[in-house]
1. Just a yes or no: is a residue in segment 154-170 of a type in the set (Gly, Ala, Ser) and modelled with pLDDT under 90?
2. Being open to solvent by 40 Å² or more (accessible area, probe 1.4 Å) and not assigned by TED's automatic domain parsing to the domain that holds Leu261 narrows it down to one residue among Lys337, Lys287, Lys319, Lys343; which is it?
3. What residue, of Asp77, Asp82, is in a loop (DSSP other than H, G, I, E, B), at pLDDT below 85 and under 21 Å from Ala117 (Cβ atoms)?
4. Taking segment 366-380 as the region of interest, how many residues are within 10 Å of the ligand (Cβ to nearest atom), open to solvent by 30 Å² or more (accessible area, probe 1.4 Å) and assigned to a loop (DSSP other than H, G, I, E, B)?
5. Starting from segment 343-357, take each residue that is over 12 Å from Ile393 (Cβ atoms) and list its partners that are of a type in the set (Val, Ile, Thr) and more than 9 Å from the ligand (Cβ to nearest atom), counting only C-beta distances under 9 angstrom and pairs at least six apart or across chains.
6. Suppose we keep only residues that are more than 14 Å from Ile248 (Cβ to Cβ) and among the basic types (Lys, Arg) within segment 395-415. Which one would you say is most open to solvent (accessible area, probe 1.4 Å)?
7. Regarding Asn363, is this residue more than 25 Å from Glu284 (Cβ to Cβ), at pLDDT below 90 and either over 23 Å from the mean Cα position of the chain (by Cα) or assigned to a helix (DSSP H, G or I) (or both)?
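The values are calculated or read from the model by the stated rules, or taken from the named source; none is laboratory data. What you are looking at is a predicted structure, and each value in this text was computed from that prediction instead of being measured. Neighbour counts run over all protein chains shown; Cβ positions are idealised from the backbone, glycine included. Accessible surface is based on the protein model in full, side chains and every heavy atom, while ligands, DNA and RNA are left aside. Shrake-Rupley method; radii C 1.70, N 1.55, O 1.52, S 1.80 Å.
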Amino acid sequence: MKTGVVSFTIRRYVWAEGEGIVVDKRVLLLIGGGVAAYKALELIRELSRRGIGVRAVLTRAAKEFVTPLSVAALSGDKVYDDLFSLTDETEMGHIELSRSADLVVVAPATADLMAKAATGLANDLASTALLATDKPVLMAPAMNVRMWEHPATRRNLRTLKNDGVLFVGPDEGDMACGEFGFGRMAEPLAIADAVTSWYGHGGSAAGAAAAGSLRGKRALVTAGPTREPIDPVRYLSNLSSGKQGYAIAEALGRLGADVTLVTGPTELADPRGVTTVRVETAREMLKACENALPTDVFVSVAAVADWRPAAPAETKIKKNGAAPEPLALAENPDILKTLAGKKKKRPGLVVGFAAETCDVAANARKKLAAKKADWVVANDVSGDVMGGADNQIILVRPDGDEPWPKMSKTDVADRLAAKIAERLAASP
Ligand code: CTP
């Protein structure tokens, strides 16, 4: 049998001058005790890949899910876990630890860690670091859906947001506990994006607020299909579930925007923290959108029916033995084009969607120009996108295309909301 030598290198990032690669971007990562802790390993790898040094603190519960050894191997640094460690205190006190980074990231931010941070409890190293730090804090919550929805967690979330804590996620999806709903930690890629976006804004507290927040901004989102009546019991419509639009409305709301969601008929519950207006037809949708102006951003996700029966029957159309009359159709208003073309009250940023089954980017680029949108999110709907949980998109902007990897609709929403926040912060 032939044997070979397997070798691997750990890039060793150091925080101060010395051996290894010196980084000028440093994140203190507090890893809470939840199943999602394993994703913190991927997050460390992703941040390191982006040239961001990570120093990690594990809570006692986190050590039940990931080992200090694997965290140390990936971060290339000592892992801290003990508030009363004599060696740590002589090398680096917890106060200094909490301030040695540019940004403190909590992932997973468990219900317990959020509660401690909201009330100022400091009874272990992670919570002490959160209380002692003078740096911005970004939390990626992860917990069971009931815990996430519990009034105590909602209260803590509000307190932390008021304290200026930034949030990424949580997402909706299947959970390790077997339930489905909100509470799944944002994917490492989305958390790393939030961190890079924060650095992209100068890494200052003001920059953090600008990059991570849409507070004071208004957003309008359309979602779902429209229903165009043929008679009182029949209609023309399409397969749109509304999931992507609802996720975007909720993600914008989570960043602090005042969001109006205008939606066609769907089976989804009204998203939390969003004003939802339910309509049926394209013309009703246009009217509701115009009522919601002015707005800083308009995201047009609805699969609006392009055509409607020109003269819907007032009573149910009966079979009379003969072949039915062909249905005469009239064209519906194009809501995206109408709002993007407004002289007065044009939304500051207009984002369209392009549902395509072939030549996705090229067709989306045509829509960008034809509808006078600022960005178009192109998605390939040839597979099971409509109604499914995942989406694969290309963000088409006048200065180029940005293909995103396949991800859940909630991750697409978080990423798009972060990009919108970044863009609005750059051009207030
Ligand atoms: N849209 C709209 N009003 C319409 C039709 C489309 O606001 N009457 C918006 C959609 O919300 C989406 C974008 O326009 O943001 C593109 O929609 P899409 O269905 O991909 O394209 P269409 O314009 O309908 O063109 P086609 O069906 O020929 O691809």
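1. Keep residues of segment 154-170 that are of a type in the set (Gly, Ala, Ser), which gives 164, 169.
Retained after the next criterion (residues that are modelled with pLDDT under 90): 164, 169.
The answer is yes; a qualifying residue exists.
2. Details: Lys337 fails: not assigned by TED's automatic domain parsing to the domain that holds Leu261; Lys287 fails: not assigned by TED's automatic domain parsing to the domain that holds Leu261; Lys343 fails: not assigned by TED's automatic domain parsing to the domain that holds Leu261.
Selected residue: Lys319, the only one of Lys337, Lys287, Lys319, Lys343 that is open to solvent by 40 Å² or more (accessible area, probe 1.4 Å) and not assigned by TED's automatic domain parsing to the domain that holds Leu261.
3. Numbers: Asp77 fails: under 21 Å from Ala117 (Cβ atoms).
Answer to the selection: Asp82.
4. Within segment 366-380, residues that are within 10 Å of the ligand (Cβ to nearest atom), open to solvent by 30 Å² or more (accessible area, probe 1.4 Å) and assigned to a loop (DSSP other than H, G, I, E, B) number 1.
5. Close Cβ pairs satisfying both conditions: Lys345/Thr295; Pro347/Thr295; Pro347/Val297; Gly348/Thr295; Gly348/Val297; Leu349/Val297; Leu349/Ile420; Val350/Val297.
6. Per the criteria, the residue is Lys406.
7. Details: more than 25 Å from Glu284 (Cβ to Cβ): yes; at pLDDT below 90: no; either over 23 Å from the mean Cα position of the chain (by Cα) or assigned to a helix (DSSP H, G or I) (or both): yes.
Spelling it out, it is not the case that Asn363 is more than 25 Å from Glu284 (Cβ to Cβ), at pLDDT below 90 and either over 23 Å from the mean Cα position of the chain (by Cα) or assigned to a helix (DSSP H, G or I) (or both).
Let's see how each residue does on (1) at pLDDT below 95; (2) within 12 Å of the ligand (Cβ to nearest atom):
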| site | (1), (2) |
| --- | --- |
| Leu293 | no, no |
| Asp296 | no, no |
| Val299 | no, yes |
| Trp307 | no, yes |
| Gly321 | yes, no |
| Leu339 | no, yes |
| Val350 | no, yes |
| Cys358 | yes, yes |
